[in-house]
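Coordinate-derived values only; no laboratory data. A quick note: this is a predicted structure, and the numbers were derived from the prediction, not measured. Positions of Cβ are backbone-derived with ideal geometry, glycine not excepted, and every protein chain shown enters the neighbour counts.
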Amino acid sequence: MNNTTNHKSNRPKAYSYLRFSTPEQAQGDSFRRQTESATAYAAAHGLDLDDSLKFHDLGVSAFRGANAVDGALGQFIAAVDDGRVPAGSYLLVENLDRLSRDKIMTALNRFSALLEKGVIVVTLTDQKVYTADSLNNLPDLMLSLLVMSRAHEESALKGQRIKAAWANKKAKAANGKHVLTARAPAWLRVVGSNGDKRFELRPERAEIVKRIFAMALAGHGKSYIARRLNEERIEPFGDGPSEARKANGWHASYIQKILRNEAVISRFQPMKVSYDGGKKQRVPDGPPLDDYFPRVISDSDFYRVKRAPAGISPKRPGSLPRNVLSGVCFCGRCGGPMHYVNKGPSTKGGQYLACDNSRRLRKCDAPSVRFEPVLNFVLNNLPEYLRAHVDSIPSASETETKIDAIDGEIAKCEESIARLLDTLERVPSESAEKRLGEHERRLHALKTERVDIEEQAKCGPGDAWQEFVTWYHQPVEPDQIGEVIGAEITRISAEIKRLVSRIVIEKGQPIVVEPRAA
């Protein structure tokens, strides 16, 4: 037995490298065929087929060298470099195109590097053996170059056909005539078949999305929204059993994804796979497509939520809200932040705003200021105070000037894109493709900026002040503050943060409110 083991250990090592670029190939005959061929070759040539190191790239393409960077081929090369695969070992592959479909010189350099490190490469289809000497053998070298060239051209042609088909689908989708993929946001479904596929709202889920945005517009944060939906036993989105989804519950991170998903305003961003140094990554494929999905939320509501500060948890009605001025109050003596402090119900107690540098760091001697009068001042005087400080707010004419400038940039960008498309039709160029992608991303950014400016103008400071006055057109007495704003604390807090940059407070001095620049 030991003699058999020793005899086997002295035989040259062989390693089988299997690769196929799609999961369907893994489920079909490709895996079995490549495995059986490697086993048969090792047995026929007295090789020890080593299974301790497995090098299988299942569903990894060799085009652009993804398998040599992220896949098992890269692991094999590393094993050769660190000595786990000894010199003189055999690498068994079905064809050379299994190793690489990359550009010819890149593929040849990788192939020759393996041979020069003492690895013997065998192509099982034709039983061809390649060694370091093959690099100096013109017929062997030419054969390997021809195989690599053919492999790269086939993959490139396949990629161009797929790209052209995808571009055609995108063009139809941009005209509202085609569904690009069967994947849809959770509040939509794909209906129809073949060329008649279209998106359809799932009404009950669309209503949940609307409610999520309504809560966000009221100033509630993602954690509060998730908790509220879970408390009401509303089913989370998904395709599993209802009770299982309820048990898993809503998560703040998923609420955030919905609030940031442009699909709710009918926009879709096509993506493509790009390779950077052989590493695969998803990048935008041209500008977004508008009017692609059925609309659920208006543009104005989507961008208001996108710009809004994080919501805060509501307090019970009747209690004095401590957070309604959080993050905007600053000490008039040292400039440090002021925080809410509740000293309890005793005669010397009460609710105050205290300078953090004074209370915690002892670097300021400013005394605390009672909270109720400050809040009452803000509620009663903020709208009028802000009207008197409109110098920092862009006028309608300034907004129009901004939009005109952006429209000019958009026109230039569209002209550049048209010229590049014309160039690419006549002479394919990687640099032109790169510039085209840059211009398309720039165009998208400009259009988004234009929408932001328009939405700010629609719900600008004037409208916000009027809303504020409408809510609280009657003066608020100090002893009524808690009752009046208890139910609306999140909305008021969000409105104050949107309108105000700083409230500067010092005992015995006038309160100074600095409006936020638009």
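On full extension, the segment bounded by SER274 and LEU135 gains 46.8 nm, given 0.36 nm per residue less the C-alpha separation.
Let me check I've understood the local charge: for LYS222, count other residues with C-beta under 12 angstrom from its C-beta, Lys and Arg +1, Asp and Glu -1. What total comes out?
+4
Positive contributions from Lys and Arg (+1) and negative ones from Asp and Glu (-1), summed over other residues with Cβ under 11 Å from the Cβ of ARG84, come out at -2. Take the Cα of THR125, step 7 Å toward its Cβ, do the same at ASP365, and the gap between the two points is 8.9 nm. Holding the Cα-Cα limit at 31 Å, pick out from LYS306/LYS412; LYS257/LYS497; LYS306/LYS363; LYS306/LYS507; LYS343/LYS363; LYS197/LYS257 the pairs that are longer than that. Distance filter (> 31 Å) returns LYS306/LYS363; LYS306/LYS507. If the segment from LEU421 to LYS210 were pulled out straight at 0.36 nm per residue, it would be longer than the present Cα-Cα gap by 72.0 nm.
Along segment 255-266 the Karplus relation, 6.51 cos²θ - 1.76 cosθ + 1.60 evaluated at θ = phi - 60°, assigns HN-Hα couplings of 4, 4, 4, 5, 5, 9, 8, 5, 4, 5, 9, 6 Hz to successive residues, with x for each Gly and Pro. All alpha carbon pair distances within segment 188-307 were sorted into 10 Å bins beginning at 0; the resulting P(r) in whole percents reads 12, 35, 33, 18, 3. Distant-in-sequence amide contacts of GLY336, defined by a placed amide H-H separation under 5 Å and a gap of 5 or more residues or a different chain, comprise CYS331.
In this simple spin-label model, placing a label point 7 Å from the Cα along the Cα-to-Cβ direction at both SER431 and HIS45 gives a separation of 4.5 nm.
First measure r as the distance between the Cβ atoms of ARG228 and ARG198, then evaluate 1/(1 + (r/R0)^6) with R0 = 35 Å and state the FRET efficiency to the nearest 0.05. E(calc), rounded to 0.05, equals 0.60. Distance between the 7 Å Cα→Cβ label points at ARG11 and ILE403: 8.0 nm. Distant-in-sequence amide contacts of ALA14, defined by a placed amide H-H separation under 5 Å and a gap of 5 or more residues or a different chain, comprise ASP48, LEU49, ASP50, TYR90.
In plain terms, the chain from GLN281 to ASN342 could stretch by 16.8 nm, reckoned as 0.36 nm per residue minus the Cα-Cα distance.
May I ask for the net charge around GLY118, where only other residues with Cβ less than 15 Å from the Cβ of GLY118 are counted and Lys, Arg are +1 while Asp, Glu are -1?
-1
3J(HN,Hα) along segment 499-513: 8, 10, 8, 8, 10, 9, 10, 8, 4, x, 10, x, 6, 10, 10 Hz, from the Karplus curve 6.51 cos²θ - 1.76 cosθ + 1.60 with θ = phi - 60°, whole Hz, x for Gly and Pro.
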